[in-house]
Each structure stands twice: as structure tokens, then as C-alpha cells.
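Everything below concerns the one structure shown next.
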Amino acid sequence: MTVLTVASSKGGPGKTTLCQVLAGSLAGQCKLVVLDADPTQALSRWATSTYEGPTFETFAEPDETQLAHLIGTKAETADLVLVDTAGFGNRAATVAMTSADAVLVPTLAGEADITEAEKTVRLVDGLAKAARRDIPARVMFNRVRRTSLAKHAEAEADRAKLPRLLSSLSDLVAYGEMSYSGRLPTSGPAAAEVSALIEELIKLGWIPTSTRNDV
Ligand SMILES: Nc1ncnc2c1ncn2[C@@H]1O[C@H](COP(=O)(O)OP(=O)(O)OP(=O)(O)O)[C@@H](O)[C@H]1O
Ligand SMILES: [Mg+2]
């Protein structure tokens, strides 16, 4: 089992979108539980009312006093527990990061965005120290436009020694549409970069490899 938390101190860099992509790609492949720790419940609403695809278990739990228990219980039987969080120093987000085996930090390419992503990675480092165990975190660039800004952003992240994924998600309407259609992109550049992302996360051991027939 793995607990993978998606977090960022800044609002809006694509946490929920990333969770949608991961959940839709992994449902039916492994025993997946998706927890929505954000009080807005955007992810759990999407999962229960909009999403069209193989089913997965999902719960909304914004209460930090309940969340660690729920993550612990679900992690006992699931192959992957995926947790979406709220930004802005939300307490449930801190619980979700502390409970995680790994943390993904989506970020946009702006200077302020990268500074916030760095803060989130440093916070995870601190939480890991407090818990006396390793909690790896990686930044993932989202809404990338293939311009010089993207190159600057990558250079800035590398200068700050931010651990980052090689994969990124481009700024594509396909991702925005997914939140309304409930369907993941199945062709074109979005589908290709989602596959690359999944492959990279499998290689890191952050998501399960095996395809199961009994889920
Ligand atoms: N790669 C992308 N291409 C195009 N649109 C995107 C992409 N990623 C996210 N978006 C859009 O950006 C907006 C914000 O994304 P999202 O809700 O996933 O961010 P968030 O980090 O979960 O925000 P919050 O902090 O409010 O929970 C949404 O309208 C979403 O559809
Ligand atoms: Mg969100």
C-alpha cells in the first residue's frame, strides 16, 4: 500500500486536476481509495457525480481529527490511498502530508508559484523529521506552456534544489473539460503525458504496478 498526498500551500496549481487524472487512470488497475480533505469537496463531488469510468471508493473528510484515522484504516486494505488537500495552511492538509508515503506538489511556472512549492516541499521535510521517517516530496509542473518561461521555471526549481518530476502536464483544455465531462483524455497530447506521468510514478514506487483482475 501507498498513501500519496497531493498538496500545495498555494491555491489553484492543479491539485484536484492531478488527483482526477491519477484516480481515473488507476481505477480498475488497483484497489484505489480517494480521500478528499478539502472542505470545498470538489474532488469527491466530481468522483461521485461526474466521473465516468471504472469505480473506486471515495470519501470526503475535511476534519483533521478524523482524517489520520481514515487514512490509516484505508491504507490497511487499499493498494493506493490518494489524498487531495486544500491549500493555505489547512490543518487537514498537514495531517495528510504527515500520513503520506510520498507527496506530490503541483506548481505553475511563475516565480511566486515556485517559491510556494518550495515552501511546501520544505514543510514536508520538516514533518518527516518530526515523524522520524522519510517522506519524499516532488514538485510537478502543471499548465506548462512550451515557452521560455517554462525553461526559466525549471532552471529556478533546479537552482533551489527542488526535487521534481520529469513529467509535467501542459496547459490543455482536455484537463479542464475532464472536470465537466467526467472522462479522462484518451488521445492526443494529454493522454500521452498522463501515460508518461503514470510511468514515472510507477518507477518511483509511488503508485502500484500490478494490474489486478479482482478490483
Ligand atoms: N493542465 C491544465 N490545463 C488546463 N487547465 C487546467 C490544468 N490544470 C488545472 N487546470 C484548471 O485550473 C483550475 C484550477 O485547478 P484545480 O482545481 O485542479 O487546482 P487546485 O490546486 O485543486 O485548486 P484549490 O487550491 O482551489 O483546491 C481548474 O479550473 C482546472 O480545470
Ligand atoms: Mg482542489
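Of the residues LEU149, LEU127, LEU162, which is in a loop (DSSP other than H, G, I, E, B) and not acidic (Asp, Glu)? Don't jump to the end; show me each part of the working.
Values: LEU149 fails: in a loop (DSSP other than H, G, I, E, B); LEU127 fails: in a loop (DSSP other than H, G, I, E, B).
Only one candidate qualifies: LEU162.
May I ask you to list the residues in region 91-114 that are more than 16 Å from ligand 2 (Cβ to nearest atom), of a type in the set (Asp, Glu) and surrounded by 21 or more Cβ atoms within 10 Å (Cβ to Cβ)?
Residues satisfying the conditions do not exist here.
Yes/no matrix, rows are residues, columns are (1) of a type in the set (Gly, Ala, Ser); (2) within 16 Å of VAL81 (Cα to Cα); (3) at pLDDT 95 or above:
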residue: ALA102; (1), (2), (3): yes, yes, yes
residue: THR107; (1), (2), (3): no, no, yes
residue: ALA112; (1), (2), (3): yes, no, no
residue: LYS119; (1), (2), (3): no, no, yes
residue: LEU123; (1), (2), (3): no, no, yes
residue: LYS129; (1), (2), (3): no, no, yes
residue: PHE141; (1), (2), (3): no, no, yes
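In region 176-206, what residues are open to solvent by less than 60 Å² (accessible area, probe 1.4 Å), within 21 Å of VAL103 (Cα to Cα) and assigned to a helix (DSSP H, G or I)?
GLU193, VAL194, ALA196, LEU197, ILE198, GLU200, LEU201, ILE202, LEU204
Give region 126-142 a look and list any residue that's free of Cβ contacts under 8 Å to residues at least 24 places away in the same chain and exposed (fewer than 14 other Cβ atoms within 10 Å of the Cβ), or say none. Talk me through it step by step, then tell me what you get.
Initial filter on region 126-142 (free of Cβ contacts under 8 Å to residues at least 24 places away in the same chain): 126, 128-129, 132-134.
Result: GLY126, LYS129, ARG132, ARG133, ASP134.
Within region 8-30, track down each residue that is open to solvent by less than 10 Å² (accessible area, probe 1.4 Å), more than 10 Å from ligand 2 (Cβ to nearest atom) and over 17 Å from ALA191 (Cβ atoms).
CYS30
If PHE88 meets every condition in (1) open to solvent by 50 Å² or more (accessible area, probe 1.4 Å); (2) at pLDDT 95 or above; (3) within 28 Å of TYR180 (Cα to Cα) apart from one, which number is that one?
Going through the list (1) open to solvent by 50 Å² or more (accessible area, probe 1.4 Å); (2) at pLDDT 95 or above; (3) within 28 Å of TYR180 (Cα to Cα), PHE88 breaks only (2).
Could we say that ARG145 is open to solvent by 50 Å² or more (accessible area, probe 1.4 Å) and either at pLDDT 95 or above or of a type in the set (Val, Ile, Thr) (or both) here?
Details: open to solvent by 50 Å² or more (accessible area, probe 1.4 Å): yes; either at pLDDT 95 or above or of a type in the set (Val, Ile, Thr) (or both): no.
Considered against the rule, which asks whether it is open to solvent by 50 Å² or more (accessible area, probe 1.4 Å) and either at pLDDT 95 or above or of a type in the set (Val, Ile, Thr) (or both), ARG145 comes out as no.
Sort out which residues of region 159-175 are within 11 Å of ligand 1 (Cβ to nearest atom) and open to solvent by 40 Å² or more (accessible area, probe 1.4 Å), and write them in order of number. Write out each step before concluding.
If we filter region 159-175 for residues that are within 11 Å of ligand 1 (Cβ to nearest atom), which is where we start, we get 168-175.
Those that are within 11 Å of ligand 1 (Cβ to nearest atom) and open to solvent by 40 Å² or more (accessible area, probe 1.4 Å): ASP171, LEU172, VAL173.
The values are calculated or read from the model by the stated rules, or taken from the named source; none is laboratory data. Everything numeric in this text was worked out from a predicted model, so none of it was measured. Every residue, glycine as well, gets a Cβ built from its backbone with ideal geometry; the counts of neighbours run over all protein chains shown. We work out accessible area using only protein heavy atoms, side chains counted, and drop any ligands, DNA or RNA first. Shrake-Rupley method; radii C 1.70, N 1.55, O 1.52, S 1.80 Å.
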